[in-house]
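> Got a structure here, written out as structure tokens. Questions coming.
The values are calculated or read from the model by the stated rules, or taken from the named source; none is laboratory data. These figures come from a predicted structure and were not determined experimentally. Every residue, glycine as well, gets a Cβ built from its backbone with ideal geometry; the counts of neighbours run over all protein chains shown. Heads up: the accessible areas ignore ligands, DNA and RNA and are worked out on the full protein's heavy atoms, side chains in. Shrake-Rupley method; radii C 1.70, N 1.55, O 1.52, S 1.80 Å.
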Amino acid sequence: MTNISVEDITGDAPQQEPRTDWKQYFSFSTDHKVIGIQYIVTAFILFLVGGIFAMIIRGELITPESDLVDRSVYNAMFTMHGTVMLFGWTFPILTGFANYFVPLMIGARDMAFPRLNAVAFWMIPIAAILLMASFFVPGGPAQAGWWSYPPVSLQNPTGNLINGEVIWLLAVAISGVSSIMGAINFVTTIVKMRAPGMTFFRTPIFVWNVFSAQIIQLFGLPVLTAGAVMLLLDLTVGTSFFDPTKGGDPVLFQHFFWFYSHPAVYVIILPVFGVFSEIFPVFARKPLFGYKIVAISSLLIAGVSGIVWVHHLYVSGTPGWMRLFFMLTTMFVSVPTGIKVFAWTATIWGGKLRFDTPMLFAFGALILFVFAGITGITLSSVPIDVHVNNTYYVVGHFHYVLYGTVTMGMFAAIYFWFPKMTGRMYYEGLGKLHFWLAFIGTNLNFFPMHPLGLQGMLRRVSSYAPEYEFWNIIASIGGFLLGVSTLPFILNMIGSWIHGEQAPKNPWRAIGLEWLVASPPPVENFEEIPVVVSEPYGYGKSEPLVAEH
């Protein structure tokens, strides 16, 4: 492995104080820390937009009758909710944290390609504006769901060339190109710019997981992008790749879509696993149990993720041998994932636990992930998956992963690294209030979807049989509680950033290169590039992380 020090690339630039001008966050900055915060804030704004769509959906479903919005509006709401939450919230915020902390964690002054980094970010607001603009075109936004299956997605009742589905495809394609550019940048940075002495087995788990996730992006995204372009051609110039009335094969699109979109779940969740691995040792005051195995299991998850996509197509005429093969490969993902859960549990076990807000969110997210993992294994089984196919059971499982684990994990990351990013401490009381509202709201909102699905309630319907009403009322109350839970978070972030107590460079007594620099870090990160001499997570050990000068 080549290990080029940063000095070889950037030279010994003089140390600079961090810029505090807020206008930099609206500029074409090439500083990875500014870009990281740009990603995080943009993603959170889109999270609020997607959350409003979700509450409209839950408002409609609180009664069996379709009586709040028109059915076409309802279709647009669940399509835009899924799209915004995936492409506007989860991917960008994870990219934001990776942008901010990967260079700091590996001892680099910036990303390998700073201008490419900035271009990749500014494509996200463009994609978001396009999506929102689709509300103003004839026929309104896309209504085919976030997976946009043909032939539904090929319907164009208005006859206009510029319609919601075309805009949706363009926005998703722009987001995809941005992600590919980011993946090239992250992989290059991690491989080529680690500090002297930082071998792969001295690299923090968060970096391992970002690396593994970006490998998935590189092999998966081109396939989805190709499928999206073919669908766009069917919709605009009359080709027939997926149109069954012209001899096309709509199931082929499902293969294009899920070849990337199931591994995309690991793109999202692997960095969250990295956040767990950074937080648990700090708040248990113990080394990460099985550090090297945890690192390797990240690559195993990335590798296996490429051969699981067909478990979404069990009811799409898939041959029996393919069902069996993909059932086994999907179940196998639980092996490296289980290794991680075991390692985190062993890390926490017997530790000197301190339940500050980052630990509360990480611990809560781990509990919710274990539940999501159990239901995920049931869905990998062909008989169960066929039984609950396209029901709310799948929606409940998916949201325990996407909200219960990923979003809760992201809040853990925000609270954990807020002092480093802003130089201010957040308000602990508001943080804990946010956690309990979010934890209770998550379970109220998404657990009822499991019995609803087992009873046969289909997803994406705006009206339903009266016997499903009880669980839907509980789910809607949970959804509104989740909406309320964001209020103390917003108050905390804005208030703390402006008036919070000054943060020291290492408020958690954590071990890592990012905690050796000031809060917030100076422009070039390190006055002198550190030389790493030991593994990370050396809690309770006397060995130093870096060489003394």
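> Residues with amide H under 5 Å of residue 424's amide H, sequence separation 5 or more or different chain, H placed in the peptide plane at 1.01 Å from N; which?
Residues meeting the amide H criterion: 503.
> Something else about it: Just how much of residue 545 is accessible, in Å², when a 1.4 Å probe is used and the result is rounded to the nearest 10?
Per-residue accessible area (residue 545): approximately 30 Å².
> Let me ask another. With θ set to phi - 60° and the Karplus curve 6.51 cos²θ - 1.76 cosθ + 1.60, what are the ³J(HN,Hα) couplings of region 166-171 in order, to the nearest whole Hz, using x for Gly and Pro?
Along region 166-171, the couplings run 4, 5, 4, 5, 4, 5 Hz.
> Here is a follow-up. Solvent-accessible area per residue for region 349-402 at a 1.4 Å probe radius, Å²? Please report the intermediate quantities before stating the final value.
Details: 2160 Å² over 54 residues.
Value for region 349-402: 40 Å² per residue.
> Apply the Karplus parameterisation 6.51 cos²θ - 1.76 cosθ + 1.60, with θ equal to phi minus 60°, to every residue of region 67-76 and state each ³J(HN,Hα) to the nearest whole Hz, in sequence, with x for glycine and proline.
9, 9, 10, 4, 4, 5, 5, 4, 4, 5
> Taking the chain as the reference, fit the longest principal axis to its C-alpha atoms, fit the long axis of helix 91-106 to the helix C-alpha atoms, and give the angle between the two in degrees, 0 to 90, nearest 10.
On a 0 to 90 degree scale, this one is about 20.
> Can you send over the carbon and sulfur percentage of the accessible area for the chain, probe radius 1.4 Å, protein chains only? Don't skip to the end; give the middle numbers.
Values: 14530 of 20850 Å².
It is 70 percent, rounded to a whole number.
> From the backbone phi of region 22-33, what are the Karplus-calculated ³J(HN,Hα) couplings (6.51 cos²θ - 1.76 cosθ + 1.60, θ = phi - 60°) in whole Hz, Gly and Pro given as x?
The phi angles translate into 5, 5, 4, 6, 10, 10, 7, 7, 9, 6, 4, 6 Hz.
> Tell me which residues come under 5 Å, amide H to amide H, from residue 391 once H is placed; ignore anything under 5 positions away on its chain.
So residue 391 has HN proximity to 459.
> I'd like the FRET efficiency for residue 332 and residue 354, computed as 1/(1 + (r/R0)^6) with the beta carbon distance as r and R0 of 35 Å, rounded to 0.05.
So the FRET efficiency works out to roughly 0.45.
> From the helices alone, meaning DSSP H stretches of at least four residues, give me the mean residue ellipticity at 222 nm for the chain, per-run term -39500 (n - 2.57), in deg cm²/dmol to the nearest 500. Provide the component values of the computation, followed by the final result.
Numbers: 19 runs with 332 residues, N = 549.
After summing the helix terms and dividing by residue count, I get -20500 deg cm²/dmol.
> List the residues, sorted by chain then number, that are 5 or more residues from residue 546 or on another chain and whose placed amide H is less than 5 Å from its amide H.
It is 533, by chain and number.
> Further, regarding this structure: Accessible area per residue of region 234-286 at 1.4 Å probe, in Å²?
Working: 1500 Å² over 53 residues.
Averaged over the residues of region 234-286, the accessible area is 28 Å².
> Let me know the number of lysine pairs in the chain closer than 12 Å at the Cα, not counting same-chain pairs under 8 apart. Can you show the working numbers first?
Numbers: 33/420; 286/352; 286/541; 292/340; 420/505.
Lysine pairs, 8 or more places apart or on different chains, close enough: 5.
> Mean separation of Cα pairs under 8 Å and 6+ residues apart, divided by the residue count of the chain: what relative contact order is that in percent?
Numbers: 921 pairs, mean separation 103.6, N = 549.
Over the chain, the number comes to 19 percent.
> Please list 165, 535, 528, 543 from largest to smallest accessible area, probe radius 1.4 Å, with all protein chains kept in place. Don't skip to the end; give the middle numbers.
On the way: 165 15, 535 65, 528 115, 543 90 Å².
In descending accessible area the options line up as 528, 543, 535, 165.
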